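To start, the structure itself, in C-alpha cells.
The values are calculated or read from the model by the stated rules, or taken from the named source; none is laboratory data. As the structure is a computational prediction, the values presented were derived from the model and not from experiment. Methodologically, a virtual Cβ is constructed for each residue, glycine included, from the backbone with ideal geometry; neighbour enumeration extends over all protein chains shown. Side chains are part of the model used for accessible areas, which takes the heavy atoms of the whole protein and leaves out ligands, DNA and RNA. Shrake-Rupley method; radii C 1.70, N 1.55, O 1.52, S 1.80 Å.
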Amino acid sequence: MNLRRNLLAAFLCAPLVSLTVPVTGLSQVPSKEPIKNVVLVHGAWADGSSWLKILPLLEAEGLHVVCAQIPLTSFADDVAATKRIIDAQEGPVLLVGHSYGGAVITEAGNDPKVAGLVYVAAFAPDQGESAGSLGKPYGATPGVGELRPLADGFLVLTDKGILEDFAPDVALADRTLMIATQVPTQGAALGAPITTAAWRTKPSWFVVAANDRMIAPEQERVTAKRMNAKTLTLSTSHVPMISKPHEVADFITNAASAKSSPTPPGTL
C-alpha cells in the first residue's frame, strides 16, 4: 500500500519534476535531520505549473521537489490533498505556499513531518482567521475586482485580471499559460477558518511582493512581521516565483538548509 500511495503522489507532478518514488516505510521526522523534501502548494485560480520556473533551480541544489495539486473545491479538500503529499515524503518537509496556498500550508503544516514553512506572496491566517478575513482591513485590491462568480459558488479570474493584476510583470507567453490553466476556485474555501496555525510553532519564511495587485503588499508585510518570519521583499507582482525565480529559489534553498531558522512566535 505504501508503494502504491507514493506512486500516485509522484505522478501528480510528473510533467514538472523528475519522478522519484520512495519504496520504504514513511517514518516520522527526526528533529535534526536535514531537509531534502520541498512540497510546493499553488494558490487559487492556478495549478502546479505556477512553480515551473523554480523547479529545476531547486532540484539543482539537490532538493527533492513535489507539487501538491490541490483541487480548489474546498479548504478541507485542499488541506487533505496537501497532507497526502506530505505523507508520501520520507524525512522532514519544507512546505511552500503561494497566495491562498499559504492558508492551506498554515493548516496542513501542523503535520509532524513539516519542519518549516515558506510563504510566497501569501495569506498566513491565525487561528479563527481565514484568507478572506485577513484581507478585509486592507480593502479590495484591483485583482479582486476582476473575480467573477459562477452559478455553483466557484470564482474565476478574468483574462484582464490575469494580464493586468495577477502577473503584469511576466512574459506574455507565461500569462497566456496562466489563462489556459486557470482552475476555478470555490469561494467558500477563502472563508474557511484556520483551526491551528502552524507558523506559531514552526519557523517561517515570507516573500513579500512589493507590487502585488491581488494581495495588498502592506498586508503581506504586517503578516510576515506577526509571524516573526525571515522576510525577502521583491519588486514583483503576485507571482515572484515566475518573475524572479532565481531569487525565490535561493530563498527556499536557504530555508531548507536551516542555517538561520527564525524563531516562531509561540502559541496564543
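Could you point to the residue in I70, S99, P265 farthest towards the positive end of the chain's charge dipole, with +1 and -1 charges on the Cβ of Lys/Arg and Asp/Glu respectively? Value computed over the given set: P265. Here the range 116-268 carries DSSP beta bridges of which approximately 35% are antiparallel, counting only pairs with both residues inside.
Ellipsoid semi-axes for the chain, based on the Cα gyration tensor and the rule √(5λ), read 26, 20, 18 Å when sorted largest first. In the elastic network of the chain, a GNM with C-alpha springs shorter than 10 Å, the most mobile of V93, V38, V144 is V144. Each of V183, G145, W205 was scored by the projection of its Cα onto the charge dipole of the chain, and the greatest displacement toward the positive side belongs to W205; charges sit on the C-beta of Lys, Arg, Asp and Glu. Between the Cα long axis of helix 217-227 and the first principal axis of the chain there is an angle of about 30°, rounded to the nearest 10. Charge dipole of the range 49-97 (Cα centre as origin; +1 on each Lys and Arg Cβ, -1 on each Asp and Glu Cβ, all else neutral): 100 debye, rounded to the nearest 20.
For the range 146-169 versus the range 215-244, the spacing of their alpha-carbon centroids is 21 Å.
Roll a 1.4 angstrom probe over the protein heavy atoms and tell me the percent of accessible area of the range 129-193 that is carbon or sulfur. That fraction is 65 percent. Sequence-distant contacts, meaning Cα pairs under 8 Å at least 6 residues apart, place the relative contact order of the chain at 21 percent.
Note on K160 and L172: the model spin-label points, each 7 Å out from Cα along the C-beta direction, lie 1.9 nm apart. Cβ-Cβ distance of T263 and A140, R₀ of 41 Å, FRET efficiency by 1/(1 + (r/R0)^6): the value works out to about 0.75. If I fit a long axis through the Cα atoms of helix 245-257 and take the longest principal axis of the Cα atoms of the chain, what angle between them do I get, 0 to 90°, rounded to 10? Around 40 degrees separate the two axes.
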